[in-house]
Structure formats: structure tokens, C-alpha cells
Amino acid sequence: MLKFGLVTLGCDKNTVDSERYLADLVAHGAEPVQDLRDADVVLVNTCGFIDAAKAESIEAIVDAARLKDDGQVKAVFAIGCMVERHKDELIDALPEVDVFLGNSETDRIVPELVERGLLGGSLVEHPGVRLFSGDLPQVRYLKISEGCDHGCAFCAIPLMRGKHRSFALDDLVREAQLLEAQGAREINLVAQDLAHYGRDRRDGNALPELLEALVRETTIPWIRNMYLYSTGITPRLLEVIAANERIVRWLDTPMQHGSDAVLARMRRPERQKTIRERLAQYRSIVPDLAVRTSVIVGFPGETEDDFNTLCDFLEEMQFDRVGVFTYSPQEGTRAFAMDDDVAESIKQERKERLEELQRSITASRYERFLNREARVMVERAGEAPNVWVCRAPWQADDIDGLMHVSVPEPLRQGTRPVPGAMLDVHVDQVVDDYDFTATLLRVADLPAQATPVRSSRALPLVGLDTTTAGSFGR
């Protein structure tokens, strides 16, 4: 039996892809291993978003290739985003790698292994469209589309992922049901732009219809929307969020800057006026909505005045959380032809200043949740025996802090921190600006036992009309 190791780098969309590859390999009789030294084949799912991600991907590939010298690892596959963009250069630079497959070629993983005599071509019982590969099985990601049609000057995603393609609503609902059967208690919808969902299919289904279908056809407690361009956040979408308590009141919408001049050079559609109006609309339709955004500092031509304008605008807008990134020129983008005229030291200094400003804004914003009752989800046991680590609806997985819940002695009898359990808590304090302490009031809902998902090969992984969900982005 072929043993394989899978290294996943980059975003949550890459995680979804890796879970598909994992299921496909297991369907052909391969066995995943945690320790790469025990693997016959190592696959590295690369990220090519920015230079730091590329460097991390190359380091992971080189580390995997070194294992071939020890004799156990017979082949190394480099796959995914970075390979899609730089395949020819990588082939020249890394001759120790056996196979390079970009995003558009990953349906070749199994055939390449079969051709090398490393894997049999016959199918065994299929484990389902995806196999979990992370640390928190209660938190899963559902990729609803692939690619991007936006023309932002700084972004190379269209070069790696291609044009926008929405997956069929029925297939996405079925995949969500499979994830629920595997123990999912929170589904995070991901895409380059969730709000663009369905426009290319012209079947009457857009993001609001998908959300309503997921609420109707699953019992997953939390459904979260990650990464929406503001131009697609319609009143209808906001009304669906406001009307369904299982769709968490949280949005991630990238602003990228607060200076109109910089936004114009970035080829972004928004300006201060439209951002201001839309944010007010979001908050008026969805009470208690938490809004996260992202910004880039050090874009070509950004002056100190532009940066100060960004700071002032963030203070005015009062986002709940902001991710701050320094500009990194990417070959093939429109911005690559611009003079990268902001020194790296200045980029980093502006990033730190902005993060410190937002830290105080977040701490202030979070005070509105104090002395209120909230429903939170258990992640794990805390370091102290009477503390459980949880997240509130306004805290997305891995990026928005944690809720540390104290469990009073009478409630501790016969209880344990079950991942995915829903608790009702009293929110006590903001800690270190981003986290909270709370006190357990009651256990509201316990997850059902996850069940193995076994099915025929006729799952969204392969075999569908490629004009619909197809091979989900491959």
C-alpha cells in the first residue's frame, strides 16, 4: 500500500483542495501518514500569493526532496498555485522534484502515481468528497467558487486560479451535508469573492439562495461568510443574514486602503464615500454585525499623507478587526510595472503603526459585548481545569481571538469540553484587546457523534459535468 504525506501551505481554499486530493488518493488505496519520513510519496500543495509564501513553499519542497536521500521517500510532487505560475522556472531550479502540477493539472495526481508504478489504478470504497486534514474537525471550509474576475492591480490570484467559476448549488449543499456527517459544527464559506457567486451560472441562484439552502438542508449551527467584495453585498444578502440566526453576524470585506488616490492606483472599485455608505448600510440592516477588513500598506506611490488618511479612515469606520499586509510586487500584475518606491523598512513601520491603532479600536469595539449573554462554540480544554477555550460568533477561526470560559464548580460535575458544543455564557472582560473571559451559564447544544461517510464514486470529486461543479476548480 502506498503511504503518502501531504503538506498544505497558504489559504483555506488550499486546505479544501488538499482534502479533495486526500480523499482521491485514499479512494485508490493509498494511506496518509503524518510523519513525512514514513511516506513513499510526499505532495506539497504550494502557495504563490506573495514572496514570503513562495519562499515557504520552496523550503517545504526542498525539505521533502531531501527525504529521498534516506531511501523511504520515492517521489516528491509539487502542486498548486505557485506551480501554476512558475512551473518552468521550478522545473529548472528543482530537478530533485519528480512531478510539477499546477492548479489546472491536479487531476493528474493519481495517473502520475499509477504511471510510476507507485499506486494501483483500481478504486476502493470512496471515503467521501473530502477527508479532514486539520486540528479542529468541528470547523470546516466550503469553497463555493474558483478563480476571480476582478482586476485589482496588486493581485496575482487570477493568474493562478483563472477566471471565476461558481460551483453548482446542489453539489455544495451535498458537500456541506457530508461535512456535517463528518462532525462539522461551523462551515466557513470561502472563495476569492463570495458575493460573486452564481453570476456566471445564470440559474437564479446567488449567495443568498445558497445560504438559505444551507440553512434549510443542514443543521450546522454556524455558517460564516469569508471574503466578499463590498460591491456584491446587497440588501437582500444582508436581510438573509439578519433573518437566520445560524448565519453568524460577521463579514470579511476587503477595503485595501483608505486613500482615494491609492485605491484608484490599486484599481479598486470603492472610494471613501462608497465604503462609508456601505458600512453604514451593513450595520443598519444587521444589528451587532462584526465586520473585518484587510488593508495593504506600502503600495507604489503611497505617501505619508496617504497613510495618515488610511489611519484616520480606520478610526472613523471602526472595523472590528483589520488584517494589515505590506505590499509585495508580483510578476504579471499591473502593479508590477509600477516603481516599488516605498522602502521595506517604511512598509514594516507603517504596518506596525496601523496594527497598534487597530488594536485599540478593536478593544473599544469589543466592549459592546461585555455584560451580555452570548452563545459560543467550544474548541478545546484550557490550561486550567476550570477553563474551556471557545469562540464567539464574532470570532472567526484562527484570526479573531478566543473566548476563555470559566466553568463554575456546580456546572463542572459531569461536564467536559466537547469540541463543537454550544454554550451560553456571560461575557465578563476583554483581555489583551482581542480575547475575552466569560462564565458558563449553561450547555446549550452538544454535537452528535460524527459518522464515517462512505459512498459510491458518484460524488462531486469527479464524474460530474464540468460545466457545473465539475472537478471543483481543477
So for R0 = 30 Å, FRET eff. of R108-A213 from the Cβ-Cβ r, to 0.05, ends up at 0.35
Considering only the chain, percent of DSSP beta bridges that pair antiparallel, nearest 5 | 35 percent
Note: N244 to A55 extended length (0.36 nm per residue) minus current alpha-carbon separation gives 63.8 nm
What FRET efficiency do you get for V62 and M1 if R0 is 30 Å and r is their Cβ-Cβ distance, rounded to the nearest 0.05?
-> 0.65
Between K87 and R416, take the C-beta separation as r, use R0 = 56 Å, and let me know the FRET efficiency to the nearest 0.05.
-> 0.70
Taking amide H positions as placed 1.01 Å from N in the peptide plane, with prolines and chain starts having none, which residues 5 or more places from F299, or on another chain, fall under 5 Å of its amide H?
-> Y327
Inter-part gap, Cα centre of region 298-354 to Cα centre of region 82-110, in whole angstrom, is 32 Å
3J(HN,Hα) from dihedral phi, region 387-397, Karplus parametrisation 6.51/-1.76/1.60, rounded to Hz, x for glycine, proline | 10, 10, 8, 9, 9, 8, x, 7, 10, 6, 4
The chain: Cys lacking any partner C-beta under 4.7 angstrom | C11, C47, C81, C148, C311, C390
Pulled fully out, how much extra length does the chain show between E409 and R271, if you take 0.36 nm times their separation in residues and subtract their Cα-Cα distance?
-> 44.4 nm
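Between the DSSP loop rule and a limit of at most 15 other Cβ atoms within 10 Å, which trypsin sites (Lys or Arg not before Pro) in region 341-400 are left?
Hits after loop and neighbour filter: R372.
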Roughly how many nanometres apart are two label points built 7 Å out from the Cα toward the Cβ at D170 and D38?
-> 4.1 nm
Reported label for calculated Rg and Dmax of the Cα atoms in Å given [x] 22.9, 65; [y] 21.8, 71; [z] 21.6, 75 | [x]
In nanometres, what is the gap between the two model label sites at S345 and A384, each 7 Å from Cα along Cα-to-Cβ?
-> 4.4 nm
Contour minus Cα-Cα distance for E352 and D398 (0.36 nm per residue) = 14.6 nm
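Only the coordinates and a few stated rules stand behind these numbers; no lab work does. For clarity, every value in this text was computed on a predicted model and none was experimentally measured. Glycine also receives a Cβ, built like all others from the backbone with ideal geometry; neighbour counts cover every protein chain displayed.
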